[in-house]
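Worksheet: one structure, shown below.
The values are calculated or read from the model by the stated rules, or taken from the named source; none is laboratory data. Fair warning: this is a prediction, and the values are worked out from it, not measured in the lab. Positions of Cβ are generated from backbone atoms using ideal geometry, with glycine treated the same way; all protein chains shown enter the neighbour counts.
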Amino acid sequence: MYSLYLFDLDGTIYLGDSLLPGAAETIMALRKAGRRTIFLSNNATKTRVQYATKLTQLGIPTFPEDIINSSFVMVQWLLNEMPQARLFVVGEEPLKQDLRAAGFQFSERAGEIDIVVASFDRTFVYQKLQIAFDAIRAGARLVATNPDRYCPVPGGGQPDCAAVIAAIEACTGIVCEAITGKPSPIMIQVITDMLQVPPEQCIMVGDRLETDIRMGIDAGMATGLVLTGDATYEKLLASGLQPTLVLERLDKLLEHTTPQ
């Protein structure tokens, strides 16, 4: 039915280091039928190469080109918006690695920083908040990789980028001007430009209503909500969103979009 299948990762394909039921079988069936599968993630704690390696090791052979994550989109946005910007990154090493590879330089001196990049950072400490605060007071802009409140992990979750954004916004009084992860129109534009597939031929499948499903709807795509991660029927009813499909597990997708 669809030419392009876009899949979220955390809570949709896997949880932690374990594949979710039916994930590998679904991807393999779609690929066998000639459908393109692309993986999207708001998590900037891995590079595209690391995501591809993880999926391959879990039994879903994947190339880095099959991955679009929030750090990749951040790089594209910065290159277009301010390619010579000097950055202060509140984030982990894979994000910094992607930014360095694109030619960006970093600083911790407030007067030298053009843009503060906020992200999921499990090493977030007061000193980083102070540098971000000083930089923004000196005129730096604030952008972020993703709006997620928490990252799902086996047995619970970890505070995500939204917590970092909130801390910086609270002390500076400014509002983050751009977020590159789902459901941002910035990510939609990067996907559209890269993949060159009309939205009506795409389906976005994920476990989060406010990111995965919202982005798919905003982009004019079909959507599939899986109940293996964040979403529940109660959250769905409360959200007011209407995904095209609601799936107990990922392999149920094949019953509704059987490849021809």
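Observations, loosely collected:
- Unmet criterion (only one of (1) in contact with a helix residue (DSSP H, G or I) (Cβ under 7 Å, 6 or more places away or on another chain); (2) at pLDDT 95 or above) for ASP148: (2)
- Residue list for the range 10-47, filter: among the acidic types (Asp, Glu), outside any loop (DSSP other than H, G, I, E, B) and more than 15 Å from ILE67 (Cα to Cα): GLU25
- Within the set GLY216, GLY229, GLY224, the sole residue that is within 20 Å of LEU30 (Cβ to Cβ), surrounded by 15 or more Cβ atoms within 10 Å (Cβ to Cβ) and in contact with an Asp or Glu (Cβ under 6 Å, 6 or more places away or on another chain) turns out to be GLY229.
- Residues of the range 104-140 that are touching a Cys at 6+ places or on another chain (Cβ under 9 Å) and charged (D, E, K, R): ASP121 alone.
- So ASP160, is it in contact (Cβ under 8 Å) with a residue 24 or more places away in the chain, more than 25 Å from GLY139 (Cα to Cα) and not assigned by TED's automatic domain parsing to the domain that holds ASP230: yes
- Test for VAL153: is it assigned by TED's automatic domain parsing to the domain that holds ARG86, of a type in the set (A, V, I, L, M) and at pLDDT below 95: yes
- Exactly one residue out of ILE165, ILE174, ILE203, ILE115 is of a type in the set (A, V, I, L, M) and touching a Pro at 6+ places or on another chain (Cβ under 8 Å), and it is ILE165.
- ARG31 being of a type outside the set (Asp, Glu), surrounded by 14 or more Cβ atoms within 10 Å (Cβ to Cβ), without any contact (Cβ under 8 Å) to a residue 12 or more places away in the chain and on the phi < 0 side of the Ramachandran plot: yes
- Residue check for LEU95: among the hydrophobic types (A, V, I, L, M, F, W, C) and within 24 Å of ILE38 (Cβ to Cβ): yes
- Test for VAL73: is it within 22 Å of CYS176 (Cα to Cα), β-branched (Val, Ile, Thr) and surrounded by 14 or more Cβ atoms within 10 Å (Cβ to Cβ): yes
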